[in-house]
1. Roll a 1.4 angstrom probe over the protein heavy atoms and tell me the percent of accessible area of segment B:130-260 that is carbon or sulfur.
2. For q = 0.13, 0.16, 0.21 Å⁻¹, what log10 I(q)/I(0) does segment B:104-217 give under the Debye formula with an equal point scatterer on each alpha carbon and no solvent?
3. Ratio of the protein assembly as shown's C-alpha Rg to 2.2 N^0.38 Å, to two decimals?
4. Give me the percent of Cα-Cα pairs in chain B that sit more than 42 Å apart, rounded to a whole number.
5. What are the ³J(HN,Hα) couplings of segment A:208-213, residue after residue, when phi is run through the Karplus curve with 6.51, -1.76, 1.60 and θ = phi - 60°? Round to Hz, x for glycine and proline.
6. Per residue of B:442-448, count partner chain C-beta atoms within 10 Å of its C-beta, then hand back the mean as an integer.
7. Consider all pairwise Cα distances in segment A:159-276 and report the whole-number % of them above 17 Å.
8. When you count, for each residue, the other Cβ atoms within 10 Å and take the mean per peptide, how do B:443-449, B:292-298, B:498-504 rank with the highest first?
Amino acid sequence: MFTFKRQMFGFMDLLRFKKMIPKRRKALEEGSSKPLAKSYRVNETAHVLHPGYQKAKLVAIREETSDTKTFTFETERPLYFRAGQYVTLSCNVGGSFVSRPYAISSAPAAALDNRVNITVKKCGFFSGYLCDEAKEGDVFTLGDPSGDFCYDGVRDSKTVVGVAGGSGITPFYSLAQAIADGSEDCSLVLFYGARTEKDLAFKTELDALAGEKIKVVYVLSDEVCAGYEHGFVSAELIKKYVSDDFTLMACGPEAMYRFLDGEAEKLALPRRRFRKEANCVGVRDVKPADCSITVHIGFETYTVKADVRETVLTALERAGLRVPSKCRAGGCGFCHSRLVSGEFSIAGEDKRRLADAKFGYFHPCCSYPDADMEIEVPKMK
Amino acid sequence: MKQYDAVVIGAGNGGLTAAIRLAQGGAKVLLVEKHNLPGGFATSFRRGRFEFEASLHELNDFGTPDNAGDVRVLFDELGVTDKIEWFPIPDAYRVISQAEKIDATMPFGVDAFVEKMERYVPGSRKSVRRFFDLAEEVRLAQAYSNSVGGKTDPKYMVEHYGNFVRCGSYSVNEVLRALHMPKRAREILGAYWCYLGAHLDDMSFAHYASMVNRYILRGAMSPKSRSHEISLAMVERIRELGGDVLMNTAAVSILTGDDGVRGVVLDDGTEIATRHVVANCSPHVVYGQLIENVPERIVRATNARKFSGRGFTMFLGLDKSADELGIENHNYFLYDTMDSVAQYDKMRTIEENSVQATVCLNRAQPDCSPEGTCMMYFTTLYMEDDWARIKPQAYFKAKEFVANRMIDRFEKDTGAKIRDHIEEISVATPMTYARYCGHPQGVIYGYESQYWDGLMPRLQMMGEDYKNGIRGLRFASGWSMRLSGYSSAYFAGDIAGRQTVGDIKREG
Ligand SMILES: Cc1cc2nc3c(=O)[nH]c(=O)nc-3n(C[C@H](O)[C@H](O)[C@H](O)COP(=O)(O)OP(=O)(O)OC[C@H]3O[C@@H](n4cnc5c(N)ncnc54)[C@H](O)[C@@H]3O)c2cc1C
């Protein structure tokens, strides 16, 4: 082995080595005595982009159609999001702590002024509560803007073809506003499907936004009407209005997605050019049966009743437990929990991380109990 | 009130390892993590049909059962090796600087590395060989230092690790020049510098040599199901040993008194009585946000340190295979210049920085994504807080600006064509990292490996740093004595965990 030497005499190198400690000691002693920061700019911006749960006061309710209302919330803190994202809204309904994801229907810019709109079609438990019982002044809990049903300038074509079915219009209405105010720079050809003209929400607003970058085509399935397309959003209809490369974004019911899958094939759209927003997991069609779930949350243990037709998450919420949830479609992983024992079935495709299955983790929002279970769920933060 | 022998704050690599060590040492331990998943940066996420690795390019110093590296030895001791499936990384790296006409692909294995370098830079063999001799001595000296808990005997050091002591106070560039290594060879050998985030005039030789050696000597490995697999394996291990683990649970304050640590308060107000804390978060966060009335001596020592790089990563899921797209290698470093000092300078601003460390995971693990697709990660570091001036309204466009530049550069430097095949994209910025792990300004590499605050003085001053801190409080993370990186954070957890077991015996 050779002898390393940098200075003429090796002992000088040794001395230098010895001085490293006194040198560092001195540097530490000579640091500034200024109090350490409590927060940092980048972290503060991050807190606007991901504000976490906060209180939101319902300040206005507006009827859009006979069964659809827009709710305006005033948040405690400013937030920002990308058009197309959703928030979870939660509150106590009859002893259950319930939460649901809703696409934001207002513009991202408004959220910086603490204003967030969601538009809700009355169709289920929580939406029914919102439409019938919620009133101005009520206080809810609002979660982080989430999801990636958004235009991406790197990935997507400059032309977005939006297909909205019913209340699936909400993310596109946000996107249209964002294009109009310059926060997004794509152009949008929006096919907005509804049963009849009366079922179209935001028609006046969308017509006002229409222009060079925004075009709206209304498609009525149950009504033939001058100035409207009739039927479903088909490949043919899309081709009638769009000729160049585009990214197809769809938000609506599952039946619409199944139809569009066929149309996308006719258009020979590669997978990267077709994006669908996920829908919440519903009940499953099996014989009703009860089972029991033992739940560990933090240092506490609870036992709750469950119905095998409903998801584990629903059982926990019904029992009044506050547990984390976001997308309710199995994809975001926010409700990531651990199975101690028991069995469950996943609704649709398994969207867990690979290692989760191996180590017994699952997503309560998209899993049905098949028998008694014991699980560990992180608390809602 | 709940009582624990020790509370570990944060379930990143350092926190997970420390918790296992504590439980193995017989301590009743509670691990709290503010996020809903363990691992800190060591995690993964799904987009469409892809599962992206959040941070790990490759885990160094793992080796094989019969040529075990230090990390494998540690994992064996922790009892987690067999819970994880591993695959090897094929080549060390390919470094390209078009402007300076460098394009070198370097293999693992010291002999292979030395010979390949000789082909690129005739006449480099002897000096590169000597580099590895020194590096090996650095490794052995560190192992010795580890075995005595940092309390090294100077005489023993000089006798057994003389070369290490003689080179240990110099920067990388100082030593490589002293070895008369040809400039080109120095540049190619120095390519890993951005993994440590300090330029080669500043970075201590011992630190760099130790890392390069860990990569080249034993090759690199990765877990089959991304680093999330390691993190979950460690949580399982903690539970097997009787430790408690709480996710979605932040520590909001560490209670201290005349006799140091006395408890931890959690975000829901729960107070935990404990006399020992291992913090996986940074001293800046602990002393700035979790502890009241921090003594001035500690404030000074914390302020003295310099934040290292703030992270940025673009993740791409592509709808063609690596072969079809012309992506040849697993791991690329793309530089403007091979002069790390000049390059470091250009990495201060969003406008100027276009350095990237890029990985195509399929080149190491072909089946990591569905057939006919591949996944890539592009990472860079910002050496100053340029992202602090980006307002929320400008955020998405700033992301896009950098993302586009990364794609352009990759296509230009390698000839691969990826732009028209992006099926999924996700971009993490300093804001993402700030939020995810809570580190100040989105720093991902802890305190910079500056010359005065490099690996050796940190290791040697472990005992002194603890005495000058708060009784019962130790740090285990990329911010601590082993500096940043996966293996370093695991080792930090190992050291701090074992030390805390000793503290509990000594201090009660
Ligand atoms: C994009 C990227 C690429 C990288 N590539 C590599 C690579 O190829 N090879 C390599 O070796 N290294 C790599 N690294 C570095 C490596 O990931 C880190 O050095 C290492 O994971 C740090 O581990 P840590 O123990 O410091 O914990 P961290 O990962 O920093 O985690 C800290 C944890 O503490 C939690 N926490 C913080 N405050 C609190 C609180 N008050 N209460 C509760 N919990 C809290 C956080 O939520 C977090 O989970 C990379 C990093 C990034 C970001």
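The values are calculated or read from the model by the stated rules, or taken from the named source; none is laboratory data. Because the structure is predicted, anything quoted here is derived from the model rather than measured. Quick reminder, even Gly has a Cβ in these numbers, built from the backbone with ideal geometry, and neighbours come from all protein chains shown. These accessible areas exclude ligands, DNA and RNA; they are computed on the full protein's heavy atoms, side chains included. Shrake-Rupley method; radii C 1.70, N 1.55, O 1.52, S 1.80 Å.
1. Values: 1900 of 3960 Å².
Here it works out to 48 percent.
2. Taken in order of the listed q values, log10 I(q)/I(0) reads -0.47, -0.71, -1.15.
3. 0.98
4. Values: 18252 of 128778 pairs.
Taking all Cα-Cα pairs of chain B, the fraction more than 42 Å apart is 14 percent.
5. 5, 7, 4, x, 4, 9
6. On the way: counts 5, 2, 0, 0, 0, 0, 0.
The shielding value for this peptide is 1.
7. Values: 3535 of 6903 pairs.
Summing the P(r) tail past 17 Å for segment A:159-276 gives 51 percent.
8. Working: B:443-449: 25.6, B:292-298: 12.7, B:498-504: 20.4.
Taking the mean over residues of other Cβ atoms within 10 Å, the ranking is B:443-449, B:498-504, B:292-298.
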